[in-house]
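Below is one structure; the comments refer to it alone.
The values are calculated or read from the model by the stated rules, or taken from the named source; none is laboratory data. None of these values were measured; they are calculated from a predicted model. Quick reminder, even Gly has a Cβ in these numbers, built from the backbone with ideal geometry, and neighbours come from all protein chains shown. All accessible areas refer to the heavy atoms of the entire protein, side chains included, with ligands and DNA or RNA removed. Shrake-Rupley method; radii C 1.70, N 1.55, O 1.52, S 1.80 Å.
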Amino acid sequence: MAPSTRLIDSSYAAFINGKWHKSNRNIESRSPANLDDILGVFGEADKTLVAEAANAARNAFKSWSRTPAPVRAGIIQNFGRLVEANKEVLASIVTREIGKPLKEALGSVQEVIDTVNFFVSEGRRLYGQTVPSEMPNKELFTYRRPIGVFGCLTACNFPVAVPAWYFIPALVAGNTCVWKPSEDSLVTSFWFTELWAKAGLPSGVFNTVFGPGPTTGASFVELIENGAFDKIGFTGSTAVGRRIGEVCGRSLQTPCLELGGKNPMIVCPDADIDLAVNGAIFSGFGTAGQRCTSLGNLILHEKIYDQFVTKLVQKANAIKIGDPFDKDTTYGPLISKRFLDNHLDHLTTLIESHHELPLGKGGHIGHGVDWQHFTGNAKRGVYARPNIVLNVGMNDRIYSTETFGPLFNVLKYREFDEAMAMANNHGYGLSSSIYSNDPKTIYQFKQDITAGMSSINNTTTGAEAHLPFGGNGKSGNGGRQSGIWVIDQFTKWHAVNWDMSGRLQLAQMETAYVEPDLKFRIS
Ligand code: UN1
């Protein structure tokens, strides 16, 4: 059962300069496990509030960027300690607000702590270089400088882990921030913001605006054109990512875009079949398929196809759907009614007559369909049945459309080249997986896969916090989050030369290179 945390009846629309601001337009946060369970009431930030938040971040930048990096990292460490002290309650808010099973929610809070632990020491590194000059009495240096005001829009499926990937390195590097979290995770985002304030971040360094994408998000994007932000981070759909990328391009900045996926899993004839079946079930149905790393296309060798599908269907039929606080639940409700509607729409528009659905017809549990192992509230929860779609071909729309729900496709291959085409041709390139025990096949997979992340004998999901996370093609613009590489997203290189010779020295033209005796021959 869901523990009841305090109802936040606030109308808070934005956190700017250390203070919450209210608005008249209200948005309710309701639990998807029971739409009668209201967790909070919040406001909606209009363009004026978003601009005020960006201004506050601009004004705080000078002092924050000049705060010694180890002192900045000390505040990040405080944040990590506070998250650790509040881990259980924060995870239970995530579970209640977006329906993610508690075990997974605890894992996603742990991901925040891991990210803090990784970046705290970066406050004592942020290394630049000393570089030899080609002129005497002259020194060369490089410095990492913060970029400025970082504007960030995040999705609701990882409401604390993904924002932590962005903000922890951004803040350590000396940037100030404006965050627009998803309107589906407002209570979680409220507490995430409060924890930053309690960690000791000075006012104006971290600002939050609440509201839906089409209104508050659109104001945010308009402000990019006006130069309010120096760097943008966006996690969400490919369509919105393209639009943000266009606007950032016109403003001559490179955003960090983390977009959708249609993540493939290849199972070879020599694979451990039971291991791969378990991997497919978790990749496809863990988090109800609502991860950008969730399984999209399962690609099976024809020799093991029948055996694999039989085991897969057996295992899928046994999964438990329902109360996300129950430890045996495979997946809970979808994140919100909007996600359910989108899923139902995919079931009507993407399934074609040649497809087979071995788990039966999908749909909204309790509303015309049921599920044998269901423990949730069918009347008031937004629960959906799992779906496996067989006989999918590369020309079908479902092959290359991200579905973001409990649904994945199955394709059959004969030659390995054909499997690689199936793994790459949809145009996304986020995550991928192969099950095989043959080093040559695995080597070929690693070379030819276009995704940014690959698992060998493991699921398509579950990236660790210190490896680069991100994708190619329709999955992003090559930007990476997490790990040491992300520091390049949040700093710009500054090259400095210091001439102590007291005279005008011209590099290249007056460099004292020594000429060889080119007439010399060995005799
Ligand atoms: C996402 O869905 O946007 O690798 C992030 C994973 C998680 C993060 C997913 N650690 O599946």
Practice task
Could you please put Tyr143, Tyr127 in sequence from largest to smallest accessible area, using a 1.4 Å probe?
Solution key: Tyr127, Tyr143
Handout entry: Pairwise centroid distance, computed over Cα atoms, of the stretch 19-69 with the stretch 183-240, Å
Key = 7 Å
Fill in the blank from the handout: In terms of the charge dipole of the stretch 38-92, which places +1 on Lys and Arg and -1 on Asp and Glu at the beta carbon, the residue among Ala54, Ala91, Thr67 farthest towards the positive end is Thr67
Handout entry: Unsatisfied cross-links (Cα-Cα over 24 Å) in the set Lys62/Lys492; Lys262/Lys379; Lys103/Lys412; Lys62/Lys180; Lys62/Lys231; Lys303/Lys440
Key = Lys262/Lys379; Lys103/Lys412
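Starting from the Cα gyration tensor of the stretch 291-334, take the square roots of the eigenvalues, sort them a ≥ b ≥ c, and report rounded, prolate or oblate (rounded when a/c is under 1.5, otherwise prolate if a/b is larger than b/c, else oblate). Walk me through the intermediate numbers first.
Details: a/c = 4.43, a/b = 1.78, b/c = 2.48.
Verdict is oblate for the stretch 291-334.
In terms of the Cα gyration tensor, with a ≥ b ≥ c the square roots of its eigenvalues, is the stretch 1-125 rounded because a/c is under 1.5, prolate because a/b exceeds b/c, or oblate? Let's see the in-between values first.
Details: a/c = 3.05, a/b = 1.20, b/c = 2.54.
Oblate is the answer for the stretch 1-125, as a/c is 1.5 or above yet b/c matches or exceeds a/b.
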Practice task
Determine the order of Val41, Val149 by accessible area, beginning with the largest, at a probe radius of 1.4 Å.
Solution key: Val41, Val149
Exercise for the section: Send over a whole-number figure in Å² for the accessible area per residue of the chain, probe 1.4 Å. Expected result: 43 Å²
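Sorting Trp498, Trp191 by accessible area (1.4 Å probe), largest first, what list results? Could you put the intermediate results ahead of the total?
Numbers: Trp498 140, Trp191 65 Å².
Order by accessible area, largest first: Trp498, Trp191.
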Practice task
Whenever you get a sec, compute what percent of the accessible area on the stretch 124-266 sits on carbon and sulfur atoms (1.4 Å probe).
Solution key: 54 percent
Exercise for the section: Take the alpha carbon gyration tensor of the chain, find the square roots of its eigenvalues, order them as a ≥ b ≥ c, and report rounded if a/c is under 1.5; if not, report prolate when a/b exceeds b/c, else oblate. Expected result: oblate
Problem - Distant-in-sequence amide H partners of Arg25 (H built 1.01 Å from N, under 5 Å) - result: Glu44
Exercise for the section: Could you pull the accessible area for Lys231 with a 1.4 Å probe, rounded to 10 Å²? Expected result: 20 Å²
Practice task
Leaving ligands, DNA and RNA out of it, report the carbon-plus-sulfur percent of the accessible area of the stretch 3-91 at a 1.4 Å probe.
Solution key: 46 percent
Practice task
Quick one: pull the percent of accessible area on the stretch 365-408 belonging to carbon and sulfur, 1.4 Å probe, ligands and nucleic acids left out.
Solution key: 44 percent
Practice task
Give me the accessible area of Val221, 1.4 Å probe, in Å² rounded to the nearest 10.
Solution key: 20 Å²
Exercise for the section: Excluding Lys303 itself, calculate the net charge of residues whose Cβ lies under 15 Å from the Cβ of Lys303, where each Lys or Arg counts +1 and each Asp or Glu counts -1. Expected result: -4
